[in-house]
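The numbers here are math on the coordinates, done by the rules we state, and not lab data. Just so we're clear, the structure is a prediction, and the values are computed from it rather than from any experiment. Positions of Cβ are backbone-derived with ideal geometry, glycine not excepted, and every protein chain shown enters the neighbour counts.
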Amino acid sequence: MPDVAIETVELEPQAALVVCRKVAIADLGEALADILPRVYRHIAGASQQPAGMPFTRYFDMDGVTFDIAAGMPVRQTIDGTGDIEEHVLPGGRALTALHLGAYQDVGAVWSQVVQRARELGSDAMFGWDVYTNDPDEVAPEALETRVYLPL
């Protein structure tokens, strides 16, 4: 994969609703297909619209599974219910890059972003992906996924 453009940005904290789950890497797509529509319906049920695109935040990975929080940002705090809970995407300095193509190939971009973090003296490992377009509306080669790695 060619090098991607990696930028340093300053992020504001962002309230969100998520479902936290341990997911087998191979089952991530299936998990998101369950989680994201439920979170959207919960937000809509509170008479709101999401404040941005869906995301998946990663907390740990052992080579077989991820610990994730998947959901959507909200404009104002909404109480969760069941396994849907309040969450905050962190603010502060972060690296970001855009992956263009099938989601299963985003790991190559993550590798470059983590390598750049090492060059900057950061040992950060886990961040989040934001899905900037809808896989039901665009071809896999046109999918856009923005990755964020807090520093």
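Overview of results
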quantity	calculated
Local electrostatic count at Ala94 - Lys and Arg +1, Asp and Glu -1, tallied over other residues with Cβ under 10 Å	-1
Mean projected area in nm² (Cα convex hull; one quarter of hull surface) for the chain	8.9 nm²
Relative contact order (%) - criterion: Cα under 8 Å, at least six apart; region: the stretch 6-150	31 percent
Integer Hz, Karplus 6.51/-1.76/1.60 couplings in order for the stretch 55-62, x for Gly and Pro	9, 10, 9, 10, 10, 7, 8, 10
Additional length obtainable on full extension of the chain from Arg118 to Leu11, 0.36 nm per residue less Cα span	36.5 nm
Amide hydrogen neighbours beyond the local backbone of Val74, cut-off 5 Å, H modeled	Ala15, Ala16, Leu17, Ala51
Net +/- balance of residues flanking Ala5 in space, Cβ distance below 14 Å, scoring K and R +1, D and E -1	-1
Stretch gain in nm, segment Ser111-Cys20, where the contour uses 0.36 nm per residue and the Cα spacing is subtracted	30.4 nm
Estimated vicinal HN-Hα couplings, Hz - the stretch 104-112 in sequence order (Karplus 6.51, -1.76, 1.60; Gly, Pro = x)	5, 9, 5, x, 5, 5, 4, 4, 5
